[in-house]
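Just below is one structure, and these are the notes that go with it.
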2 protein chains.
Amino acid sequence: MAKFSIGIDFGTESARAVLVRVDNGEEVASAVHRYADGVIDERLPGTDIELEPDWALQNPADYLEAIKTAIPAVLREAGISPDDVIGIGIDFTSCTMLPTDKNGVPLCMKKEFKNNPHAWVKLWKHHAAQPEADRINQIARERGEKWLERYGGKISSEWFFPKCLQILNEAPEIYQAADKLIEAADWVVWQLTGEEKRSSCTAGYKAIWDPDEGFPSEEYFRAVHPEMENIVDEKMTRNIYFLGQKAGGLTAYMASVTGLKEGTPVAVANVDAHVSVPAMSVTEPGKMVMIMGTSICHMMVDKKFQPIPGACGIVKEGILPGYFGYEAGQSAVGDIYAWMVKNTVPPEYWEETRKRNMDIYQVLEEKAFGIKPGESGLLALDWWNGNRSVLVDADLTGVLLGYTLETKPEEIYRAIIEATAFGTYKIINSFEEKQIKVNELYACGGLPEKSRLVMQIFADVTGRKIKLSARPHTPAFGSAMFGAVAAGRANGGYNNIFEAVEHMAYLKEDYYSPDPESHKIYQQIFSEYDRLHDYFGRGENDVMKRLKKIKLKVKGEGVEKC
Amino acid sequence: MAKFSIGIDFGTESARAVLVRVDNGEEVASAVHRYADGVIDERLPGTDIELEPDWALQNPADYLEAIKTAIPAVLREAGISPDDVIGIGIDFTSCTMLPTDKNGVPLCMKKEFKNNPHAWVKLWKHHAAQPEADRINQIARERGEKWLERYGGKISSEWFFPKCLQILNEAPEIYQAADKLIEAADWVVWQLTGEEKRSSCTAGYKAIWDPDEGFPSEEYFRAVHPEMENIVDEKMTRNIYFLGQKAGGLTAYMASVTGLKEGTPVAVANVDAHVSVPAMSVTEPGKMVMIMGTSICHMMVDKKFQPIPGACGIVKEGILPGYFGYEAGQSAVGDIYAWMVKNTVPPEYWEETRKRNMDIYQVLEEKAFGIKPGESGLLALDWWNGNRSVLVDADLTGVLLGYTLETKPEEIYRAIIEATAFGTYKIINSFEEKQIKVNELYACGGLPEKSRLVMQIFADVTGRKIKLSARPHTPAFGSAMFGAVAAGRANGGYNNIFEAVEHMAYLKEDYYSPDPESHKIYQQIFSEYDRLHDYFGRGENDVMKRLKKIKLKVKGEGVEKC
């Protein structure tokens, strides 16, 4: 009798569950549950309480609802017995975190706190903790904290401690009342199993934890804020569990609401980008996994630790057992394409979409395919949302150079795609300069599904083969693999993720190959990109920062006048 | 009884005649005649003979037709007696030139030559003589020709001798058959009066002539091409007439077809941009006249000769008697706005134009007016059509810097307008660095009529008042003034252009004043423009040229494959 595991990917707007055959990885069923409250960025649900700019919250009740809806849905669709589900794994956006009481009840679910925005889940893209991140970085630099090198010298405002410090600064009563400050990923595992078993992935990538070094010191935290000195022991835990370990068994309550068996093994939680690495069958160095969508995450594993400019997290045991997991990224990719489509494509192109019953990306793509590398004379710097890779500088802005009176929208579209590919190539080069070879690329996410043009340009620019996920839901599938590992071989699963990959993971047969002629021309154009990258990005000409200062000043003065 | 003069402005697509009262400058009537053949850039009229790229021809018959149509039309509209028309002046695009026989019959009107494109009028924007211009410049530099300094060190492919040399190179039989190679402006005066009286303006600005130095030497021309040695004496004339002189009286034939009196004085021909200076009432140094449309011409007069980077022509007696006339320019201004509107404005903006019954420029302008200087964080280099001002480099291309995911079309529109204003400011500065003061600006042409936003930004960027033409047809009006001067005071006109200006020229009462706060911010942004201008324009980073080389190579290879 075949055995199955379930993976659930908790995304930004919805959660997706897949039910997978453990012996061969076949996806038997899948279900999506859209969060009722989605991204909360205007006002608290059911109230008039408005949020400040840059806030982004979620309702933890939505996660529980997703579990109660999506698991029964995949069971129904698959038509299998709950007895044959041997394990569950989950992955999450991160850092998405919340304050709870000692029993794990979210403070936002308590009457006395529900009107305080700080009681709610802070979603990964909550960007209001920048001052806190600045302080955390400043103190770390002043003290020469060694762990900075694991994070490219800088902690992001999206991460765990800046969000904690924002609560402490702005809502000390919530901070006091919170027995726990916890990643939503780990909280959901707690809900499923009744056990607070935090993950090495969320701890390592978002909470400055290392298997050997642990968390930053009390002295450090005290320097950041006196009341934060014992944050780890007071509101977190030093017991961190590795990926692939079993967190616990499904509780009786969760069994009753999902239709699964009580005690079904649940894996330690993962992060969406990180779980995609084994899901793409990557279990060794030399292979870079790109999760390509509105932005790109670049994931690698290697046996050695090697600080790399722009690697925003290098975490031992962070992706696969026995390896350092490397994470780098580009802060906007599909977002820039979408910006262009929304803001700069003229009506005749949209009319063509109607006439030919295509979408606008298809129309642009078809036209842009007709343009050869180098033919437009255009070159862009892909910094529409700053640069979070090699330069780690949010104040940088986008550039387009080479305009003539003959420049066409499809040429601009192609130039923007090329720029994002140059951005990835720059990251690859920065790995290779540190002797971490990148031989092949592996792509999953929305873009590889949507755009042949994007993928071919990435192959041509980087001069590398790009293999593709065969899974429409790569992270959820990866979580299902970890579910099978949590079960263990004795229960019909696997003893480790490598075994699971061997039996369950596979790729598309098709892949993208670089065209040597195109790559040669792109090498020339990339050297121009590289030069402008350094000119604008490394202080030779800080025009972007000065323009931003003028912009802020002008806008500020505007506010004063009001 | 009031006296009148007629001015005719021969433009690119049409000619416009105005009939003006000589005592007070009142415009009494005007008429437009659209050329039947317009700009000939695909095939010769009535044939299948295709033109090469970059060619642009005209049919001289269209000029004669314009005279025969537009003069009777203004006489009719004004309802005055031909006896009261005391003079005629004309101005023309330039260099627009043609080959004729010794009687002035255009070779394209002769059966044996009419199928040869080189027999036709080469319009100012005929750009196919670039190799010839390159040779003319190279030989001049090698020989250290002193006259180069009058032309910013470079002769344009649009000018007279490159066009002549192209005829000689590509159609020697036409060159041989041409008794005359002549500016269309001078040819029309010849047709009107029966006298070949060439103008100091066309000769000085387009044919390397100087009142003291004459034309370049035979040695120089021989070095360019042996058969060109005696081009001046064989196919031109050394008798050049100054602006304001009378070329002759209207012939009997022309009197019969126009309804004017035989012998009516006709002025020496002018060029459209140059005749706009007195038409804007500018008769002294310190006042820069800008003819603002698809491109901008910047015109100044001064008592001294002073080579200025980017002044593409400095001609003694070229604009006003007793002065050196300075010409500088930007190769694309309104053209860039039009490019943006055509290629990068999304449908919702066009829908707004329909709903509100506005044109797209009005919609963009309204939105862009709501943006403060510096508020968008955008900065552009206005080189969509190269840079023909300070840098004189056609291989430069446009840049837009400062894009974010929040950048809006109206911000781009404003940034492009600002860039063109920075381009003008750069020209103003290059005059002032050479002690030629620019105290005030005077604007005519299409843009001042169409866009308050453009004019305000130009005032704010340059920190200068901008006065405006009160004339809808500034060049034609200027020509009418010269018609009155050709008549002379004895015949009810004026003895010189200064007198004519005093009585006939006036400006709008409204003008644009710079806002000091905006100017202050623009000073900061201009210093960023300036730095990028030099970085990309003066060899620090020749990325634009290298991209252009790649582009040409890629396109060239494409052709080989076909």
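The values are calculated or read from the model by the stated rules, or taken from the named source; none is laboratory data. As the structure is a computational prediction, the values presented were derived from the model and not from experiment. Cβ sites come from the backbone with ideal geometry, for glycine too, and all protein chains shown count toward neighbours. Keep in mind that these areas ignore ligands, DNA and RNA; they rest on the heavy atoms of the full protein, side chains included. Shrake-Rupley method; radii C 1.70, N 1.55, O 1.52, S 1.80 Å.
A few points about this structure:
- Residue in the stretch B:186-199 that is within 18 Å of B:A129 (Cβ to Cβ) and either in contact (Cβ under 8 Å) with a residue 40 or more places away in the chain or open to solvent by 10 Å² or more (accessible area, probe 1.4 Å) (or both) present: no
- Meets criteria (in contact (Cβ under 8 Å) with a residue 12 or more places away in the chain, open to solvent by less than 80 Å² (accessible area, probe 1.4 Å) and farther than 17 Å from B:A267 by Cα) for B:V18: no
- Residues considered: A:G249, A:G259. Of these, the only one that is at positive phi and either open to solvent by 20 Å² or more (accessible area, probe 1.4 Å) or not charged (D, E, K, R) (or both) is A:G259.
- Extreme residue, surrounded by the most Cβ atoms within 10 Å (Cβ to Cβ), among residues of the stretch A:75-90 that are under 10 Å from A:S5 (Cα atoms) and among the hydrophobic types (A, V, I, L, M, F, W, C): A:I88
- Per this entry, B:Y442 is not counted among residues that are within 14 Å of chain A (Cβ to nearest Cβ) and surrounded by 20 or more Cβ atoms within 10 Å (Cβ to Cβ).
- B:E432 falls short on exactly one of the conditions (1) within 19 Å of B:D515 (Cβ to Cβ); (2) out of contact with any Asp or Glu (no Cβ under 9 Å at 6 or more places or on another chain), and that condition is (1).
- In the stretch A:362-386, the qualifying residues are those that are in contact with a helix residue (DSSP H, G or I) (Cβ under 7 Å, 6 or more places away or on another chain) and acidic (D, E), and the one that is nearest to the other protein chains (Cβ to nearest Cβ) is A:E375.
- Output for the stretch B:117-144, where each listed residue is within 13 Å of B:I208 (Cβ to Cβ) and surrounded by 19 or more Cβ atoms within 10 Å (Cβ to Cβ): B:A133, B:I136, B:N137, B:A140
- Elements of type helices (runs of 4 or more DSSP H) contained in the stretch B:138-255, each with 3 or more residues being touching a Pro at 6+ places or on another chain (Cβ under 9 Å): B:160-170, B:172-177, B:184-193
- Qualifying residues in the stretch B:159-185 (those that are acidic (D, E) and either free of Cβ contacts under 8 Å to residues at least 12 places away in the same chain or more than 22 Å from B:I8 (Cβ to Cβ) (or both)) - the one surrounded by the fewest Cβ atoms within 10 Å (Cβ to Cβ): B:E173
- Test: A:A459 is away from every other protein chain (no Cβ under 14 Å) and surrounded by 24 or more Cβ atoms within 10 Å (Cβ to Cβ): no
- When we screen A:W384, A:W350 for residues that are without any contact (Cβ under 8 Å) to a residue 60 or more places away in the chain and surrounded by 19 or more Cβ atoms within 10 Å (Cβ to Cβ), the only hit is A:W384.
- Members of the stretch B:523-534 that are within 27 Å of the chain's Cα centre (by Cα) and either more than 28 Å from B:E449 (Cβ to Cβ) or away from every other protein chain (no Cβ under 13 Å) (or both): B:D530, B:H533, B:D534
- Filter pass, A:L98 being in contact with a helix residue (DSSP H, G or I) (Cβ under 7 Å, 6 or more places away or on another chain), open to solvent by 10 Å² or more (accessible area, probe 1.4 Å), touching a residue at least 40 places away in the same chain (Cβ under 8 Å) and within 19 Å of A:T193 (Cα to Cα): no
- Restricting the stretch B:311-340 to residues that are out of contact with any Gly (no Cβ under 9 Å at 6 or more places or on another chain) and open to solvent by less than 10 Å² (accessible area, probe 1.4 Å) leaves a set whose member that is farthest from B:S199 (Cα to Cα) is B:M340.
- Selection status of B:Q138, within 22 Å of B:P117 (Cα to Cα) and free of Cβ contacts under 8 Å to residues at least 24 places away in the same chain: no
- Residue within the stretch B:281-295 that is in contact (Cβ under 8 Å) with a residue 12 or more places away in the chain, within 14 Å of chain A (Cβ to nearest Cβ) and out of contact with any Ser or Thr (no Cβ under 8 Å at 6 or more places or on another chain) present: yes
- Within the stretch A:26-63, restricting attention to residues that are over 21 Å from A:F92 (Cα atoms) and either assigned to a strand (DSSP E or B) or touching a Phe, Trp or Tyr at 6+ places or on another chain (Cβ under 8 Å) (or both), the residue that is least open to solvent (accessible area, probe 1.4 Å) is A:L44.
- Failed criterion for A:K437 (all others in (1) at the interface with chain B (Cβ under 10 Å from one of its Cβ atoms); (2) in a loop (DSSP other than H, G, I, E, B) hold): (1)
- Under the condition of being more than 11 Å from every other protein chain (Cβ to nearest Cβ) and free of Cβ contacts under 8 Å to residues at least 60 places away in the same chain, the residues counted in the stretch A:535-545 number 1.
- Residue within the stretch A:329-345 that is away from chain B (no Cβ under 14 Å) and modelled with pLDDT under 95 present: yes
- Within the set A:A490, A:A500, A:A486, A:A476, the sole residue that is in contact with a Pro (Cβ under 6 Å, 6 or more places away or on another chain), farther than 30 Å from B:R546 by Cα and in a helix (DSSP H, G or I) turns out to be A:A486.
- Single condition A:A459 does not satisfy, out of (1) touching a Lys or Arg at 6+ places or on another chain (Cβ under 9 Å); (2) over 30 Å from B:V554 (Cα atoms): (2)
- Entry remark, the stretch B:268-310: residues being among the β-branched types (V, I, T), open to solvent by 10 Å² or more (accessible area, probe 1.4 Å) and modelled with pLDDT under 95 number 1 in total.
- Among the candidates B:K467, B:K520, B:K508, residue that is more than 9 Å from chain A (Cβ to nearest Cβ), in a helix (DSSP H, G or I) and open to solvent by 10 Å² or more (accessible area, probe 1.4 Å): B:K520
Per-residue answers, yes or no, for (1) of a type in the set (A, V, I, L, M); (2) in a helix (DSSP H, G or I):
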residue: A:A332; (1), (2): yes, no
residue: A:D335; (1), (2): no, yes
residue: A:K342; (1), (2): no, yes
residue: A:Y349; (1), (2): no, yes
residue: A:K355; (1), (2): no, yes
residue: A:V363; (1), (2): yes, yes
residue: A:P373; (1), (2): no, no
residue: A:L396; (1), (2): yes, no
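- Matching residues in the stretch B:387-433 - criterion: being within 8 Å of chain A (Cβ to nearest Cβ), touching a Lys or Arg at 6+ places or on another chain (Cβ under 9 Å) and open to solvent by less than 10 Å² (accessible area, probe 1.4 Å): B:G402, B:P409
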